[in-house]
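Trainee: First the structure, then my questions, so here it is.
The values are calculated or read from the model by the stated rules, or taken from the named source; none is laboratory data. Just so it is clear, the structure is predicted and the values come from calculations on it, not from any experiment. Positions of Cβ are backbone-derived with ideal geometry, glycine not excepted, and every protein chain shown enters the neighbour counts.
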Amino acid sequence: MKPEKAVRTSEKELSRLNRILETLYRCNHALVHATDEHELFQSVCRILVEVGGLRLAWVGQCEDDAEKTVRPVAMAGFGLDYLNSAKISWSEETERGRGPTGIALRTGEAYWVKDTQTDPSVAPWRKDANARGYASCVALPLIAGGERLGCLSLYAGEPNAFNESTIGQYTDLANNLAYGVKALRTREERERAVEALRDSEQRLQDIVDNTTAVIFVKDLELRYLLINREYERRHHVIRDQIRGKSDFDIHPRDVAEAVRANDRQVIAAGAPIQFEEAVPSSEGERQYISSKFLLRDRAGKPYAVCGIATDITELKRAEAMQRRRTCQAAMRADVQLAFSDENESGLQTVLQRCAESVVCHLDAAFARIWILNEQENVLELRASAGQYTHLDGEHARIPVGKLKIGLIAQERKSHLTNDVQNDERISHPAWAKKEGMRAFAGHPLIVEGRLAGVLGMFARKILEPDTLEALESVADMIAQGIGRKLVAEKIRQNAAKLSRANEVLRRSLDALARDKRLQSFVDQVLVVLTEQLGGNSSTLWLIDVRQRAAHQHSVC
């Protein structure tokens, strides 16, 4: 070879090498900055044609259809219509599957054709390839992680455009492209998974936020991870601010300890458990039925406690109201029976039965009834049931206007308190605290507009307003019963006085009847009557009631 020709060959080879290196550099740059699979394929094809000087570059994707079609997804260069009728396959069973692309996809290695005019593998496409100036080609499989992604096919305008050196470089490009596409797909799958998870979480959040139940999730250290909107509304907390906090940051200590004890019981049992829990809120104490259970990861290991709590306060109140109505009806029946029992004539005995009924049906620690002594303006204790049934001490006689009972008598108004230890009407707060008394209710006994006494009760639990209504109702019945008893007592007293007076009168009349002077007086009266009335005679009958006999006196 002449020196000038050798120099020109070397320069041409160097130029081709530089072009290949520039092509690979730009392809790798596109690969690094790619965010979309199709965009990456298209960019690489365009660079291979525009920078690499190739006649045609295209990427085919393997389909899993019956024909095992290789579907073009990106292309650049001259004669793109060639791919419309190429009908390339990667199946070994068909002639069009035994071409360079099919061989490369099945073997997993690059396959190149030095001359399309003579290589038998391109026979089905030779005419169309020659018509477009495709003189040589190479098919580079895109395989990553054992997965067949597709094939990168390159066509040159001259024979022997590809050799082992360039094939190695293009193979590295194909491998990088395959791993890049795999990475993009993995990232897209991850993003889709993240988005699906986010959508799933949002759907779950929408569900839990639009239910009237209170829902929460705590870790195994019982720190909050998640709450729903109803929890926020009821406890005036924000979910972003409650994460990592415990029940002690939200509830009073006694409530927090009770709730956490239930949570620990679920963790220890490892199974769902239902509890009834009382939790304070801005609307007052609320009653919940809480279903608590463990959340587990894929390995079955628990990582959190979930609770779904339904507010049953109104149901509880309705049940309690029904019970109280039943108790009130039974209490009224007891009082009515006590006052109507003919065998119970003593007022104190009847009042004792009434006090016992109040203790029984209103769940009182004890109940007492005082009766007014009008002459001394003092309330006298006449009945005491439950605890502290003694009838002596400073509460046996209470002046009207003194202590809670005397004030109720003076004001003639009922009184209810659920904090006896801080109520100024309660005379012994230290005693109330020691005995665990929480509530007091009292009502005056009014008979025909006049004060007759006071009914009072203490309880170790909070009294609802309808408890006072029940107490007022039974107090009115007791007052009416007292009124009837007092009237009956007066009737008995008057009857006894009348009986005694009749006996005195009867004895006096008997004495007169035995007196002869009375008979002479009667005869004289009859004579005068006869004369004055112009009669012929007059007769007077005297009746002996005891003997049921009549005695006749007559004059003519």
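Trainee: Here are the criteria: (1) surrounded by 12 or more Cβ atoms within 10 Å (Cβ to Cβ); (2) free of Cβ contacts under 8 Å to residues at least 60 places away in the same chain; (3) assigned by TED's automatic domain parsing to the domain that holds Ile369. Tell me which single one His251 does not satisfy.
Mentor: (3)
Trainee: Kindly evaluate Arg425 against the criterion of being of a type outside the set (A, V, I, L, M) and surrounded by 14 or more Cβ atoms within 10 Å (Cβ to Cβ).
Mentor: yes
Trainee: Here's a follow-up. Only residues that are surrounded by 14 or more Cβ atoms within 10 Å (Cβ to Cβ), polar (S, T, N, Q) and part of a helix (DSSP H, G or I): list them for segment 254-284, please.
Mentor: Correct list: Asn262 only.
Trainee: Residue by residue through segment 77-110, note down the ones that are out of contact with any Lys or Arg (no Cβ under 7 Å at 6 or more places or on another chain) and polar (S, T, N, Q).
Mentor: Within segment 77-110, Asn84, Ser85, Thr94, Thr101, Thr107 qualify.
Trainee: So which pairs qualify, if the first residue must be in segment 213-226 and of a type in the set (Phe, Trp, Tyr), the second must be crowded, with 20+ Cβ neighbours inside 10 Å and outside any strand (DSSP E or B), the Cβ gap must be under 9 Å, and the two must be at least 6 apart or on different chains?
Mentor: Phe216/Asn228; Phe216/Tyr231; Phe216/Ile242; Tyr224/Ile242; Tyr224/Asp247
Trainee: Kindly indicate whether Arg26 is under 19 Å from Ile167 (Cα atoms), touching a helix residue (DSSP H, G or I) at 6+ places or on another chain (Cβ under 6 Å) and modelled with pLDDT of 85 or more.
Mentor: So Arg26 passes the test.
Trainee: Oh, and also: Just for segment 443-481: of the residues that are of a type in the set (Val, Ile, Thr) and closer than 13 Å to Gln410 by Cα, which one is surrounded by the most Cβ atoms within 10 Å (Cβ to Cβ)?
Mentor: Val454
Trainee: Sticking with this one: Do any strands (runs of 3 or more DSSP E) entirely within segment 13-115 hold 2 or more residues that are within 24 Å of Thr186 (Cβ to Cβ) and out of contact with any His (no Cβ under 8 Å at 6 or more places or on another chain), and if so, which?
Mentor: 56-62, 70-77
Trainee: From the list Val113, Val44, pick out the single residue that is among the hydrophobic types (A, V, I, L, M, F, W, C), without any contact (Cβ under 8 Å) to a residue 60 or more places away in the chain and buried (at least 21 other Cβ atoms within 10 Å of the Cβ).
Mentor: Criteria check complete, one pass: Val113.
Trainee: Any idea which of (1) out of contact with any Gly (no Cβ under 6 Å at 6 or more places or on another chain); (2) modelled with pLDDT of 90 or more is the one Glu67 doesn't satisfy?
Mentor: Of (1) out of contact with any Gly (no Cβ under 6 Å at 6 or more places or on another chain); (2) modelled with pLDDT of 90 or more, only one is false for Glu67: (2).
Trainee: If you don't mind, there's one more thing I want to ask. Name every residue in segment 55-109 that is closer than 19 Å to Ala156 by Cα and basic (Lys, Arg), in order of residue number.
Mentor: Across segment 55-109, the qualifying residue is only Arg55.
Trainee: Continuing with this model, one more query. Report the residue count in segment 150-179 for those that are under 24 Å from Gly97 (Cβ atoms) and not β-branched (Val, Ile, Thr).
Mentor: The number of residues fulfilling the criteria is 13.
Trainee: Let me ask something else about it. Just the residues that are modelled with pLDDT under 80 and under 17 Å from Ala364 (Cβ atoms), please, taken from segment 429-458.
Mentor: Of everything in segment 429-458, those that are modelled with pLDDT under 80 and under 17 Å from Ala364 (Cβ atoms) turn out to be Trp431, Ala432.
Trainee: Could you please find all residues in segment 212-235 being surrounded by 17 or more Cβ atoms within 10 Å (Cβ to Cβ), of a type outside the set (Gly, Ala, Ser) and part of a loop (DSSP other than H, G, I, E, B)?
Mentor: Those that are surrounded by 17 or more Cβ atoms within 10 Å (Cβ to Cβ), of a type outside the set (Gly, Ala, Ser) and part of a loop (DSSP other than H, G, I, E, B): Leu222, Asn228.
Trainee: If Arg324 passes every condition in (1) crowded, with 17+ Cβ neighbours inside 10 Å; (2) over 30 Å from His361 (Cα atoms); (3) out of contact with any strand residue (DSSP E or B) (no Cβ under 8 Å at 6 or more places or on another chain) but one, which one does it miss?
Mentor: Failing condition for Arg324: (2).
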